[in-house]
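A quick write-up on the structure given underneath.
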Amino acid sequence: MTRVADQYRRACDYLAGGVSSSTRLNRAVGHAMLFDRAEGCRVWDLDGREYIDLCCSHGATLLGHGDPRVRQAVEQVLARGAACSYENELHTEFAKLLCETIPCYERVRFTGSGTEATLHCIRLARAYTGRQKLLKFEGNFHGYHDQVMYAIGTPAEHLGLENEPTVYPGSTGLGAGLEELLVVVPYNRPDLVEEAFRRHAPELAAVLCEPIYYNAGCVIPTPEFMAALHRLTRAHGVLLIFDEVLSAFRMAPGGAQEYLGVTPDLCTLGKAVGGGFPLSVFGGRRDIMDRLMPIGDCQHSGTYNGHPVSVAAGLAAVTAFRQPGFYDHIFAVADRLCGGLRDIFERHKITARVQGLGARFGIYFGITDKVSSYRDAVKHHRDQMLRFIAAAIEHGVYFHDYGGAACHHGFCAAMTEADVDETLNRLDDGVGKMV
């Protein structure tokens, strides 16, 4: 038995399911992967096996594992005691940088996770508008609090009609009646957004969306879809919230809103904003953010909000994202990697589609046409993805498994073109064994 398998067996005696997070069980190999160390674009498991990492902490380590700029910033804070639950100069310095970087930010607040960030944005939107309902998009993922745990991974047989998608629960134990506060619309369907506004506009507090839908691989919104969201929310006094927990910093320093040229009222940041440390942010227009206590009447607080270690790491990371040439490198690596993956699948006569933008990409097995919505993505062959991930891991390339889904994969800025070529060579061998 390997050390990885043995440690997973031991973990099952004390951790529920043997993991600290439900999605860390890698079904492609039958157990969680346990890693001992990481550096740059590579990780090493407990048995000393090296892997090129195409998960990168689900996008949190965009700079790469153990980035020296982040490490130095963290060490400086630790040397001063890292006192948490107090305000310090780093909070203001980082808040200022974020307001200069993210188009919609006039005021921000720090919190601990993407789930917390979307929760507080929704509460704030309801306080500001005096309305209760939310419009969300089928398949979009916004964290694990009860209000947004619907229509996130609906099985194909339960999707319902396009003009009336099923508000399908993503877990048991959700509070009764919360689904009544949601209006669900398929992604990239401006006509159905128009219809939803005709029926529900006076009740809507906010429209909440992934501006780049990475949680289904990589789905880019059409200009018509984005224009409809912007126009309709403005016309009806509904707040537009971009959930950029995953999309922020992937393709531009200002995230998807900079890339798309659409500025929301509020947005969330997570994952990469903390430089690999636990941090999320929400913010937006000053008049909306001023509804938060202690100025306003909407509550947001927490002992670990703005922990100095995470804020120092985030400040170092976002400073690095803003450096000249950073995104030239990201797009060069993306073109080489995604193009190489397409060539591998074509050479081995495997039907698959690769869609990516910036540092994240999706792979859809059994699909050749463009994927534009969750309904397109759900046609992907999960069993083939599991075989692909198992082959990749066997050949030293780490893909995280999301139950065989075509979810987001990605790389970090530490990856060089030589690393890409090595990755593709390993995957070519692995895919050859799949056929």
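The values are calculated or read from the model by the stated rules, or taken from the named source; none is laboratory data. Bear in mind that the values here come from a model prediction, so they are computed numbers and not experimental data. All Cβ positions, even for glycine, are placed from backbone atoms using ideal geometry, and neighbour counts span all protein chains on display. Side chains are part of the model used for accessible areas, which takes the heavy atoms of the whole protein and leaves out ligands, DNA and RNA. Shrake-Rupley method; radii C 1.70, N 1.55, O 1.52, S 1.80 Å.
At-a-glance table
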quantity: Residue within segment 392-403 that is buried (at least 21 other Cβ atoms within 10 Å of the Cβ), in a loop (DSSP other than H, G, I, E, B) and in contact with a Gly (Cβ under 8 Å, 6 or more places away or on another chain) present; calculated: no
quantity: Qualifying residue in segment 143-154 (condition: over 25 Å from Ser21 (Cα atoms) and either part of a loop (DSSP other than H, G, I, E, B) or over 20 Å from the mean Cα position of the chain (by Cα) (or both)); calculated: no
quantity: Residue that is farthest from the chain's Cα centre (by Cα), among those in segment 243-285 that are within 12 Å of Ile212 (Cα to Cα) and among the acidic types (Asp, Glu); calculated: Glu258
quantity: Failed condition for Ile288, given (1) open to solvent by 50 Å² or more (accessible area, probe 1.4 Å); (2) closer than 19 Å to Cys121 by Cα; (3) over 23 Å from the mean Cα position of the chain (by Cα); calculated: (1)
quantity: Inter-residue pairs, beta-carbon under 8 Å, first more than 17 Å from Thr61 (Cα to Cα) and in segment 37-51, second among the hydroxyl-bearing types (Ser, Thr, Tyr), 6+ apart; calculated: Asp45/Tyr51; Leu46/Thr2; Asp47/Thr2
quantity: Options Met293, Met251: the member that is farther than 27 Å from His200 by Cβ, modelled with pLDDT of 95 or more, of a type in the set (A, V, I, L, M, F, W, C) and surrounded by fewer than 18 Cβ atoms within 10 Å (Cβ to Cβ); calculated: Met293
quantity: Condition met for Ile367 (touching a residue at least 24 places away in the same chain (Cβ under 8 Å) and closer than 30 Å to His158 by Cα); calculated: no
quantity: Qualifying residues in segment 319-371 (those that are on the phi > 0 side of the Ramachandran plot and in contact with a strand residue (DSSP E or B) (Cβ under 9 Å, 6 or more places away or on another chain)) - the one most open to solvent (accessible area, probe 1.4 Å); calculated: Gly366
quantity: Total residues in segment 254-274, condition open to solvent by 10 Å² or more (accessible area, probe 1.4 Å) and on the phi < 0 side of the Ramachandran plot; calculated: 5
quantity: Segment 404-435, subset of a type in the set (Val, Ile, Thr) and within 26 Å of the chain's Cα centre (by Cα), residue most open to solvent (accessible area, probe 1.4 Å); calculated: Thr416
quantity: Subset of segment 157-208 (residues that are of a type in the set (Ser, Thr, Tyr) and under 24 Å from His230 (Cα atoms)); calculated: Tyr187
quantity: Candidates Ala392, Ala413, Ala405, filtered to the one that is among the aliphatic types (A, V, I, L, M), modelled with pLDDT of 95 or more and in contact with a His (Cβ under 8 Å, 6 or more places away or on another chain); calculated: Ala413
quantity: Every pair of residues 6+ apart whose Cβ atoms lie under 6 Å, when the first sits in segment 125-139 and is open to solvent by 30 Å² or more (accessible area, probe 1.4 Å) and of a type in the set (Ser, Thr, Tyr) while the second is at pLDDT 95 or above and in a helix (DSSP H, G or I); calculated: Tyr128/Ile288
quantity: Scan of segment 217-229 for residues that are open to solvent by 10 Å² or more (accessible area, probe 1.4 Å), in a helix (DSSP H, G or I) and among the aliphatic types (A, V, I, L, M), ordered by number; calculated: Ala227
